[in-house]
Every structure is written in C-alpha cells, then in structure tokens.
Amino acid sequence: MSNFEQANPVSNIAKIRAIDDSGCRLYLEFPNGTFTTVVNEEPFEYAVGSIVFVGINTNFIDSAPDSLWPDQSFVGVVRLRLPDITIVDAGGRWIKIPTSQTVCSEGNTVEAMISTGVMRVLSKEPIKYIELPAIDDAVVSKFRLEKEAIKVTFDDFGGLHDVVERARKLIEVPLKHKAALTTIGTRPIKGVLFTGQPGTGKTMLARIIANSTQSAFYEISGPEIFSKWYGQSEELLRKIFEDAEQQEQAIIFFDEIDSVAGQRADESHEASRRVVAQLLTLMDGFTKNNIVVIATSNRPQDIDVALRRPGRFDWEINFPLPNRLDRELILQVATKRFNISDNLPHAWVAQKTEGWSAADLAAIWTEAGLLAAADDRSIILPEDYIGGFELVAAQRRRTAKLSTKGNSK
C-alpha cells in the first residue's frame, strides 16, 4: 500500500507503463487507451507492467491481480514468426505475443491477443493504415499537355538566336532523327539543362520544340511532384516515364528542378533524397531514344551532382538576358498578338530596357493594353506603349529598392 490515503473506495484498473528515475511518478494506462500520471512524495514500490487500482481522482493506488486487466484483441500485420514468439505490427507499434497454433505467415493481417497470440487470419495481404490515392492514368494525364494546347512556334520566340539553334541541335535533331542516330551508334542525348534567370524564355522554348517535333510534352513544375504519402512521389515519376516511353517521342520537362533534386546531404529531407534517387534510376533506365528530359534552373549549382554526370543532364544551355537587338526582336514578335497602331517605338524601348528579361518586356504590353482599354480604345497607340514601359520600369525600380533593403538587413 502506498502513502495515499484510502479516502475513496471507487477505483479504476490501470497498468503501469513507465516510472520516472525518482520512482515517485507513475505513468498509467487505462483499458480505454487513455493515460494519466500519479505522483507521490515517496518512491512507489511497483514495477513497470504491474496492474493497480487507482482512485477516481488518483487519491489512492493499490495492487491489483493481473487477471483483472482486460485482454482485448487487436488487429495487426505479422512481421516475424518464430517457434516461440510472433511480432505483430499494430499501427506502427510492434507487439510481442506467444506463437499460437493458428497458421499464419509474415505479411498476413491477423486478429490477435497479447496473452494467447494469433486468433485468426483476416487477410493474406497486409492492411494499409492509410488508404493512399491511386496513381493512375488520370493523374499522369494532368502533367501531359495536349498537343493542340501547345500552339507556339519558333516564330513566336524573339531573339537569342544562338540559344535557339543550340537547343534545336541538342533536342529537336535527336527526336526527329533517332533512327539515324541509332544506326550511327552515337550515345543518345537524354537530358538537357536550361539555365538562366527567370523570364528568359526557357519554358517557352521547351514547348516550341515539343510542338515542332510533335512530341508528347510532360510539364512538371518543381514541388508539384512531391506527395505527402510515402513513396508516391517516386511512383508518380515512374508512371510519367512509363507513359512517355509509350509515345512516338516525348519531352519530359522539369521546371525549377533544383527545388526537386537538390544536393543530397545529411540534412536533406528524406523525400527529396528518394526523389533524386528515383530520377537517377529512371534516366539511366530508359533505353529507347524517344525521350529527352529538359530541366530548368536559375541555380544550377544547387542541383545534385549525380544528375550532371554523363547520360543525365550533361548538356547545358544558358539563356542570357537579351541584348538590345534581341529585345527589339522580342517586342516586334509580340506585336502579332495585339491590335496595335503603326510606328510603335520598339527601338527606343529596346534601348531603354537594358537588363530586362523577355517576361519584363511582355509586361509592357499588358500595361499598354490596360491604358488603351481605360481610354475606351480597342487599339494600342504609341502613348499607351510608352506609358506601359514607364509603369513597368517604375515597378522594377520599386522591386529593386525593396530587394536592396532586404539584403541590407
């Protein structure tokens, strides 16, 4: 008997699950699965696993026979079966029970009791504690753009002539002439890395090449590939590559791959390490010359080094910011999509936009269109065009100022 005063004869049955180092605090489990603690001024004389009576308000505690503890059955998956003991995984908790006469095998889902062991086999397959959403064709199709939706052509890509020509040689030629390259015996180009600042046209050029080669185009935007379910990110990658191999030719496009396949290190997230390992396996595994994997990154130094080895992303094309002539070409190409007046000052705007990306230049047209609409016009005039430039330039100055303040803190 402890030093607790027996003031309340009404009590519950509990099992001692742990005792602190001082021996003065007990951690008790009740049959319904709830827990509580009992503290005494003097060390308790009970052992872990003992069955006790506990007062309703934990105002007394006393020994109880083991037979009073209810031996309820539970459901789990057999992980190990030995002649004397069986280990069952019950929701992540491994329970040791005596091996019974009931025939069962590792991986079976069983009903068991701690005292007597396995009672019956419920299924020959292990149950899933979480029912994972299926990775089926419908999920894969979300990443595959329909060919009709990719309408951009090389005529829509202004400037960066050397970049375009290099990309066509590395991607378009292997896809269009894969049979000839196989006969020649050259090593197929599996992966090409597009590097450069955001807004320089990397994604657009990948789509243009997919359109020109009539290739199936799978677009994966960075963290989209990650699933909260263990193993599903890798399964999704496998399904995408399997689907691509069934196509006449295909481009698998990873935008911001450094966010998916960063350097593997001890502090890396386990899911990221698994995705990198799966991507390496897939790129090494496909043998048909009908797939080219394109990835973009503005931080290529952050990509796992194993992905830069031969046979993977060993080809790199850098997309620089457009020079003055490129900027003028980009502005002129964009005019095909808009209702504009003649004699817009493209050369003047190109001269004023040193350091601007193609995306920055595209924003000028958005602002110019808003100015024209605000004046109840359906055509962009020179004053709208210049006004659009000035608005975007002001926004860039504000952004640069905020960035400078942030870096100085």
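Things to note:
- Of everything listed in (1) free of Cβ contacts under 8 Å to residues at least 12 places away in the same chain; (2) surrounded by fewer than 13 Cβ atoms within 10 Å (Cβ to Cβ), the single unmet condition for T335 is (2).
- Being touching a Pro at 6+ places or on another chain (Cβ under 9 Å), crowded, with 16+ Cβ neighbours inside 10 Å and in a strand (DSSP E or B) is a property that does not hold for V52.
- Scan of segment 71-111 for residues that are loosely packed, with under 11 Cβ neighbours inside 10 Å, more than 23 Å from K15 (Cβ to Cβ) and in contact (Cβ under 8 Å) with a residue 12 or more places away in the chain, ordered by number: L82, P83, D84, V103, S105
- L26, sole failed condition from (1) assigned to a loop (DSSP other than H, G, I, E, B); (2) of a type outside the set (D, E, K, R); (3) surrounded by 15 or more Cβ atoms within 10 Å (Cβ to Cβ): (1)
- Residues that are at pLDDT 90 or above, of a type in the set (V, I, T) and under 38 Å from the mean Cα position of the chain (by Cα) occur in segment 316-325; there is at least one.
The values are calculated or read from the model by the stated rules, or taken from the named source; none is laboratory data. Predicted model, so just to flag it, every value in this text is computed and none were measured. Every residue, glycine among them, receives a Cβ derived from its backbone with ideal geometry; neighbour counts consider all protein chains shown.
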